[in-house]
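Novice: I'd like to ask you about the structure that follows.
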C-alpha cells in the first residue's frame, strides 16, 4: 500500500491541516504482506481519531495498514482536533470540514469511488461519536458506519461532565448551546432516523467508562427498530481493544471482495 501524509489548506478551517491516507496497490506484496486492489476506483473508509490523538494515531498504534492491504480499501484519516467533529462555538468548523470539504478534497487529490456502496466511516471514542453522527446526519453517503468505544450520548455527557478536561472541552465545542435534541445528539438523531440508514456496528468494552453511553444508544436503536450489529465484550478504553476490534469491523464491511486482485 501507499501511505501518504497529506498537508493541505482547508477553506472550512481557514488554515493548514493534515490527513493520513492509505491507498491500495496492485504491485506484488512484499515479504510478510498481502496486497490487493479492486477493479475501478477503490472503496474508501473514513477512519476518525479520538480526543487526545491526531491523524497519525491509527497508523502508529495499530496495524491498520497491514489489515487493509489485501482488501483493496483506501483509508482516509483526517485531523479533527478536540472538536468532537463539530462546528465549535469557540473554535473552528470541523463538522463542515469533515462532512462537506474533506470528501471533495479527497476525490480531487486521489482516485476514490464516489458510490455510496463503496463509502464507509468508523472511529474510536470521540471518533466513534463522529462516525455515528456523520452516518445518521448524512445516511445517503455511507453503506456502513462503525463506532468503537464511542461517546454516543453526548447530550448526557454535556450535562454531566465526568472528567477534569470535559468542562473546558465542552465549553470550546458547544459554549452555551445545548446538545440534547440537536443534530449533535446521536440519540436524538437515531430517534428520528428514516428507513434508509447504512449498516451500523457498535462495539464497546464492558470495562470502558463509555459503556453506558453505548448501551443507551443500542437500547434506543432497538426501541426504534433500527438494525445494528452489537459487540459488547470484555475490554477497556485502550489501543489493545481498538486494534483487535478494527479487524472485526473490516471483516464486517460490505466490501467488493470478489474483485480484489
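Novice: Quick one: in the range 43-64, which of the residues that are out of contact with any helix residue (DSSP H, G or I) (no Cβ under 7 Å at 6 or more places or on another chain) and assigned to a helix (DSSP H, G or I) is surrounded by the fewest Cβ atoms within 10 Å (Cβ to Cβ)?
Specialist: 60
Novice: Within the range 7-42, count every residue that is in a strand (DSSP E or B) and more than 23 Å from residue 100 (Cβ to Cβ).
Specialist: Total satisfying the criteria: 2.
Novice: A follow-up question, please. Please verify whether residue 169 is in contact with a strand residue (DSSP E or B) (Cβ under 6 Å, 6 or more places away or on another chain), buried (at least 17 other Cβ atoms within 10 Å of the Cβ) and outside any loop (DSSP other than H, G, I, E, B), treating the condition exactly as stated. Reasoning before the result, please.
Specialist: Values: in contact with a strand residue (DSSP E or B) (Cβ under 6 Å, 6 or more places away or on another chain): no; buried (at least 17 other Cβ atoms within 10 Å of the Cβ): yes; outside any loop (DSSP other than H, G, I, E, B): yes.
No; evaluated as a whole, the condition is false for this residue.
Novice: What helices (runs of 4 or more DSSP H) lie completely within the range 180-261 and have 2 or more residues being closer than 21 Å to residue 66 by Cβ and out of contact with any strand residue (DSSP E or B) (no Cβ under 8 Å at 6 or more places or on another chain)?
Specialist: 239-252
Novice: Being in contact (Cβ under 8 Å) with a residue 24 or more places away in the chain, within 30 Å of residue 117 (Cβ to Cβ) and exposed (fewer than 14 other Cβ atoms within 10 Å of the Cβ) is the filter here, so list the residues in the range 184-213 that pass it.
Specialist: Of everything in the range 184-213, those that are in contact (Cβ under 8 Å) with a residue 24 or more places away in the chain, within 30 Å of residue 117 (Cβ to Cβ) and exposed (fewer than 14 other Cβ atoms within 10 Å of the Cβ) turn out to be 194, 196.
Just so you know, all these numbers are worked out from the coordinates, no wet-lab data involved. This structure is a prediction, so every number in the text was calculated from the model and none was measured. FYI the Cβ positions are ideal-geometry reconstructions off the backbone, even for glycines, and counts take in every protein chain you see.
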